[in-house]
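Before any comments, here is the structure.
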Amino acid sequence: METIWFGLVALCLAAYVVLDGFDLGVGAVHWLVARNSEERAQSLETIGPFWDGNEVWLLAGGGTLYFAFPTLYASAFSGFYLPLMIVLWLLILRGISIEFRHLIHDDMWTPFWDVVFSGASALLAIVFGAALGNVVRGVPLDANQEFFLPLCTDFRVSANPGILDWYTILTGLLALVALAQHGALWICLKAHDPLESRAAEVAHWLTPAVAALTAIVTIASFSVRPPLIGNFAAMPWGCLFPIIAIGSLGVVHTRKSFAASCAYLEGMLVSVVFSVYPEVLPASPGAKPLTIRNTAAPAYGLQVGLVWWIPGLLLAVAYAVFLYWRFAGKPDRSSAT
């Protein structure tokens, strides 16, 4: 049961990365592809029906984590208190910037909310990427399975790291560039020219950066945490996930560009999940990590919870399918305000 719930948490997070990832990416490239207020309104229009529904998957992942692995939830949410507060504020600022831009029509406030939307989206991508880097690198868990990380120390990967070091900054940059490309490809899919053409150009120029950072971060990950390769050696079929990620970059400029970007993000995320399993929060050298077995809820609770969780998942999937079907295609230009 622990493995099943580990997979379900990963499923929710994977859905969030792909779906809300293009929302964040649209924000990150907002000022690169849109040159005036009308084009920025069109950029926002591409995510208008979707962005708040996409965030449901973040809530689903957090709720699933809380139910299935309460010890992990308690340890991680206290140890990562500072970045979690940063994420909360950025989500709030991003949400109100989207709403207020359409509610307050003013020559001063409209550009202000555009800046807030773009900045909050880009910073969220960096913070999420750095958070994943912290998980891969490991945290200094004590005998009580607790830890606390300052924002930064000396930027080295050491026994007493900070949230930000050279490795987590790299993972944050990769997340920003990858999601920016993802968002640009979404604009290509949903917007009209000239916004579509500019977004395609931005996505084209970001592809080499994504490829280079992917190679650098992969090498750095195995250098920072050599045991990551263990699962790939023990279960070679897991190599399929990084192969999917790398192969997707090769077809990102075909007619299926956005689908290829989705496959890249999924391949990268699942590769990380596969490499750390059965650990859910790796520890710094010499400390005992948190695993699916020493953090899971009682078996009976997991069994009963699964009965209720599956209908909830199906409902969320059905809503997402309906939403993307209902708003398929490019929106009418006249709807952008």
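The values are calculated or read from the model by the stated rules, or taken from the named source; none is laboratory data. In this text, all values refer to a predicted model and were calculated from it rather than measured experimentally. Positions of Cβ are generated from backbone atoms using ideal geometry, with glycine treated the same way; all protein chains shown enter the neighbour counts.
Filter segment 23-50 down to the residues that are among the aliphatic types (A, V, I, L, M) and within 19 Å of the chain's Cα centre (by Cα), then identify the one that is surrounded by the most Cβ atoms within 10 Å (Cβ to Cβ).
Pass one, segment 23-50, residues among the aliphatic types (A, V, I, L, M): 24, 26, 28-29, 32-34, 41, 44, 47.
With the extra rule that they be within 19 Å of the chain's Cα centre (by Cα), the set shrinks to 24, 26, 28-29, 47.
On the way: Leu24: 28, Val26: 30, Ala28: 28, Val29: 27, Ile47: 23.
Ranking the candidates gives Val26 first.
Any idea which residue in segment 116-146 is surrounded by the fewest Cβ atoms within 10 Å (Cβ to Cβ), counting only those that are of a type in the set (S, T, N, Q) and under 24 Å from Tyr16 (Cα atoms)?
Step one: of segment 116-146, the residues of a type in the set (S, T, N, Q) are 118, 121, 134, 144-145.
Filter once more, so that each one left must be under 24 Å from Tyr16 (Cα atoms): 118, 121, 134.
On the way: Ser118: 22, Ser121: 29, Asn134: 25.
If we take residues in segment 116-146 being of a type in the set (S, T, N, Q) and under 24 Å from Tyr16 (Cα atoms), then Ser118 is surrounded by the fewest Cβ atoms within 10 Å (Cβ to Cβ).
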Residue tally, condition crowded, with 17+ Cβ neighbours inside 10 Å and not in a helix (DSSP H, G or I), over segment 236-256: 1
When residues of segment 77-115 are limited to those that are surrounded by 12 or more Cβ atoms within 10 Å (Cβ to Cβ) and of a type in the set (Val, Ile, Thr), the one nearest to Asn36 (Cα to Cα): Thr110
Within segment 275-300, considering residues that are part of a helix (DSSP H, G or I), out of contact with any Gly (no Cβ under 9 Å at 6 or more places or on another chain) and not aliphatic (A, V, I, L, M), the one farthest from Ala220 (Cα to Cα): Tyr300
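So which residues in segment 213-247 are among the small types (Gly, Ala, Ser), free of Cβ contacts under 8 Å to residues at least 60 places away in the same chain and either in contact with a Lys or Arg (Cβ under 8 Å, 6 or more places away or on another chain) or within 24 Å of Ile169 (Cα to Cα) (or both), if there are any at all? Talk me through it step by step, then tell me what you get.
Within segment 213-247, the subset among the small types (Gly, Ala, Ser) is 215, 220-221, 223, 230, 233-234, 238, 245, 247.
Next cut, free of Cβ contacts under 8 Å to residues at least 60 places away in the same chain only: 215, 220, 223, 230, 233-234, 238, 245, 247.
Ala215, Ala220, Ser223, Ala245, listed by residue number.
Rundown of residues vs (1) exposed (fewer than 15 other Cβ atoms within 10 Å of the Cβ); (2) outside any helix (DSSP H, G or I); (3) at pLDDT 90 or above; (4) not small (Gly, Ala, Ser), yes/no style:
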| site | (1), (2), (3), (4) |
| --- | --- |
| Ala199 | no, no, yes, no |
| Trp205 | yes, no, yes, yes |
| Thr214 | no, no, yes, yes |
| Ala220 | no, no, yes, no |
| Phe232 | no, no, yes, yes |
Residues of segment 133-163 satisfying the condition of being farther than 24 Å from Phe274 by Cα, aliphatic (A, V, I, L, M) and in contact with a Ser or Thr (Cβ under 9 Å, 6 or more places away or on another chain): Ala159
Single condition Val157 does not satisfy, out of (1) closer than 22 Å to Pro83 by Cβ; (2) β-branched (Val, Ile, Thr); (3) not in a loop (DSSP other than H, G, I, E, B): (3)
Residue that is surrounded by the fewest Cβ atoms within 10 Å (Cβ to Cβ) [pool: residues in segment 258-300 that are in contact (Cβ under 8 Å) with a residue 40 or more places away in the chain and of a type in the set (Phe, Trp, Tyr)]: Tyr277
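Yes/no per residue for (1) assigned to a helix (DSSP H, G or I); (2) of a type in the set (Val, Ile, Thr); (3) modelled with pLDDT of 95 or more:
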| position | (1), (2), (3) |
| --- | --- |
| Phe258 | yes, no, no |
| Val273 | yes, yes, no |
| Ile310 | yes, yes, no |
| Pro331 | no, no, no |
| Ser334 | yes, no, no |
| Thr337 | no, yes, no |
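Confirm whether Val87 is more than 26 Å from Leu290 (Cα to Cα) and part of a helix (DSSP H, G or I).
Numbers: more than 26 Å from Leu290 (Cα to Cα): no; part of a helix (DSSP H, G or I): yes.
So Val87 fails the test.
Counting only residues that are among the charged types (D, E, K, R) and under 26 Å from Ser78 (Cα atoms), which one in segment 93-145 is modelled with the lowest pLDDT?
Of the residues in segment 93-145, the ones among the charged types (D, E, K, R) are 94, 99, 101, 106-107, 114, 137, 142.
Of the ones still in play, those that are also under 26 Å from Ser78 (Cα atoms) are 94, 137, 142.
On the way: Arg94: 93, Arg137: 91, Asp142: 86.
Going through the qualifying residues, I end up with Asp142.
Against the condition acidic (Asp, Glu) and within 22 Å of Pro227 (Cβ to Cβ), how does Asp165 come out, does it pass?
Yes, satisfied.
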Segment 97-113 - residue that is without any contact (Cβ under 8 Å) to a residue 12 or more places away in the chain and in a helix (DSSP H, G or I) and, of those, farthest from Gly172 (Cα to Cα): Leu103
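Does Val307 meet the test of being of a type in the set (A, V, I, L, M, F, W, C), within 27 Å of Ala74 (Cβ to Cβ) and out of contact with any Pro (no Cβ under 9 Å at 6 or more places or on another chain)?
Values: of a type in the set (A, V, I, L, M, F, W, C): yes; within 27 Å of Ala74 (Cβ to Cβ): yes; out of contact with any Pro (no Cβ under 9 Å at 6 or more places or on another chain): yes.
Answer is yes for this residue.
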Odd one out for Ser75 among (1) of a type outside the set (Val, Ile, Thr); (2) without any contact (Cβ under 8 Å) to a residue 40 or more places away in the chain; (3) in contact with a strand residue (DSSP E or B) (Cβ under 7 Å, 6 or more places away or on another chain): (2)
